[in-house]
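The values are calculated or read from the model by the stated rules, or taken from the named source; none is laboratory data. These figures come from a predicted structure and were not determined experimentally. Virtual Cβ from ideal backbone geometry, glycine too; neighbours counted across all protein chains shown. In case anyone asks, the SASA skips ligands and DNA or RNA and just uses the protein heavy atoms, side chains included. Shrake-Rupley method; radii C 1.70, N 1.55, O 1.52, S 1.80 Å.
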Amino acid sequence: MRFSQRWALFQVAIGTLHRLEIEGRVLGGPWQPLFRAGDPAHAATRRLLEQERVRGAWDPTDGPMYQYPALAGWLTQRVLDDRPELQAVRLRFEKIVIEDGTVRGTGVYVYPFGRQRGTR
């Protein structure tokens, strides 16, 4: 017999890691975090976004997934529909590092997508 596999059992993580954030803003107010991947303190839409089928549409590797613009448009509109007090919503990815098993944000954000109430 001969056995083989076409996928790597032990893969090395890519060099750049990201964490999705969704923020909302009321008219004239500061941006407030609504969702941050892996953060139970900011878990709005967590059940929707952290499931296997959906995560593949937004979880970037070396760049955003090709489905990201469509997902981001739909998601920002859904958050505005669910939260009538918000005037604007934005999605963005923070570059992160993992040190000793702890996730640390770098303060560097990429792939922004925003929507204001009343625009499509």
To the nearest 10 square angstrom, how much accessible area does residue 119 have with a 1.4 angstrom probe?
-> 70 Å²
The summed charge of the residue 97 Cβ neighbourhood (under 13 Å; Lys/Arg +1, Asp/Glu -1) stands at 0
